[in-house]
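Data first, discussion second: the structure below is written as structure tokens.
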Amino acid sequence: MPLMKNKEKDIIKFLYNAECNAQEIVKITDQYPKLTVKEAYSLQHGLLAHKIYENGTKRIGIKLGLTSKEKQKMMGVNEAIYGYLHSDMIAYEWEPIEYSPLIHPKAEPEIAFLLGEDLQGEDVTARDVISATKYVAPALEIIDSRFKDFRFTLADVIADNCSSAKFIVGSRWVSPGAIDLGNIGMVLSKNGKVIATGSSAAVLGNPVTAITWAVHQLASKGEGLKKGDVVLSGAMSKAIAFNSNDSIVAQFNNLGSVSLYCE
Ligand code: OOG
Ligand code: MG
């Protein structure tokens with residue numbers, strides 16, 4: 001039986017309050033083990049509407065998740081996921097990230113795509129994605145699952161807007177035609193020590209492939225990307241946990257670097 005509307009509202013409030021109070025919660029599937037991926041996306045959409053209503057945030061793009069074969073294997077799935085980026089998730093390199101409003105944050109190196117045109121349709125191709133992209137830029141996504149110990153099922157993480165919390169886009173913006181998007185190397189350091197390396201090839205072979213997939217998913221729901229949207233294309237290495245006083249730097253070949261400091 002599909003989730004009843006009143007149950008949906010309760011779950012959305014449960015997730016929203018966990019985020020507002022920086023308090024981890026039990027998984028939704030502990031109580032609703034039959035929650036489907038389709039219902040989870042509906043919860044995610046409802047959560048976006050709830051946030052827009054409650055705190056006036058705006059939808060400013062999307063983020064992709066589980067784009068590497070490794071992460072998909074870990075979750076026992078063979079598909080990526082997507083969530084919404086909101087205006088109140090934007091953070092800046094020059095402004096410390098506050099630890100206290102977060103639960104157990106992790107940072108992920110990603111490539112951000114900044115769109116210069118709308119992009120919608122089930123027939124959108126990788127070429128269309130590139131031509132609609134005005135710039136690509138280095139980015140750090142801060143994920144902060146609302147679930148206890150960062151453990152969840154696929155349906156849980158989708159409902160929780162794919163663990164989205166904050167993101168930082170670096171200051172070097174490059175035309176997508178100027179670099180080989182499927183072959184960008186990356187070195188991630190924490191407090192001056194290299195902690196992971198990765199490549200944009202880990203993102204479904206090429207982040208453009210991942211974005212094309214997401215555009216098709218959105219199209220099947222009558223949605224699309226808009227001029228000015230930001231798209232975070234998916235983690236290029238494992239996510240790195242951080243705490244107060246930690247600094248993290250991701251350096252990308254041909255794309256400069258982006259950093260965060262947590263206070
Ligand atoms: C889900 C979000 C994953 C990515 O880039 O793979 C994600 C999670 O691992 O908590 O944002
Ligand atoms: Mg991510």
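Derivation of every value follows stated rules applied to the coordinates shown; laboratory data play no part. What you see is a predicted model, and the numbers here were worked out from it, not measured in a lab. Note: ideal-geometry Cβ built from the backbone for every residue, glycine included; neighbour counts use all protein chains shown.
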For this session: Just grab the label-to-label distance for LYS5 and ASN55, each label 7 Å out from Cα along the Cβ direction, in nm (one decimal).
Result: 2.7
Exercise. Label 7 Å along Cα→Cβ of ARG172; region 236-258 residues with amide nitrogen under 12 Å?
Worked result: 250-258
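Any idea what the dipole of the chain comes to, in debye rounded to 20, about its Cα centre with Lys/Arg Cβ at +1 and Asp/Glu Cβ at -1? All intermediate terms of the calculation are to be shown ahead of the outcome.
Numbers: 28 positive and 30 negative charges, 72 e Å.
Magnitude of the dipole: close to 340 debye.
Only helices at least 15 Å long along their axis, Cα-based, and averaging -0.5 or more on Kyte-Doolittle count here, so list those DSSP H runs from the chain. Could the numbers behind the result be given before it?
On the way: long enough: 5-21 (24 Å, -1.06); 37-55 (27 Å, -0.44); 207-219 (18 Å, 0.88).
Helices passing the filter in the chain: 37-55, 207-219.
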Seminar exercise, completed: Taking a straight Cα-to-Cα line shorter than 24 Å from LYS193, and setting aside same-chain lysines fewer than 8 residues away, one finds LYS71, LYS106, LYS166, LYS238
Exercise. For the chain, what does -39500 (n - 2.57) per DSSP helix run (n ≥ 4), summed and divided by total residues, give at 222 nm, in deg cm²/dmol to the nearest 500?
Worked result: -8500 deg cm²/dmol
Seminar exercise, completed: Sorted on mean Cβ neighbours within 10 Å (highest first), peptides 169-178, 83-92, 139-148 come out as 139-148, 83-92, 169-178
For this session: Go ahead and set up a Gaussian network model of the chain, Cα springs under 10 Å, then flag whichever of VAL215, VAL157, VAL26 fluctuates most.
Result: VAL26
Seminar exercise, completed: Cross-link reach from LYS27 to aspartates and glutamates, straight Cα distance under 19 Å and at least 8 residues apart if same chain, gives GLU8, ASP10, GLU19, GLU39, ASP144, ASP149, ASP156, ASP160
Exercise. What distance in nm separates the simple spin-label points at VAL37 and ARG127, each placed 7 Å from Cα in the Cβ direction?
Worked result: 2.9
Exercise. If you project the alpha carbons of the chain onto the principal axes, what extent comes out on each, in Å, largest first?
Worked result: 50, 46, 36
For this session: May I ask you to order 75-82, 42-49 by the average number of other C-beta atoms within 10 Å around their residues, highest value first?
Result: 42-49, 75-82
Seminar exercise, completed: For region 1-159, whose charge dipole is built from +1 on Lys and Arg Cβ atoms and -1 on Asp and Glu Cβ atoms, the candidate among TYR92, THR67, TYR135 with its Cα farthest towards the positive end is THR67
Exercise. What's the center-to-center distance, using Cα atoms, between region 146-160 and region 175-246 in Å?
Worked result: 20
Problem set entry | Difference of contour (0.36 nm per residue) and Cα-Cα distance, GLU117 to ASN191 | 22.8 nm
Exercise. Lysines near LYS34 by alpha-carbon distance under 20 Å, same-chain residues fewer than 8 away left out - which ones?
Worked result: LYS5, LYS7, LYS9, LYS13, LYS148
For this session: Would you mind checking region 50-89 for residues with the amide N under 20 Å from a putative spin-label position 7 Å along Cα→C-beta of LYS134?
Result: 58-63, 85-89
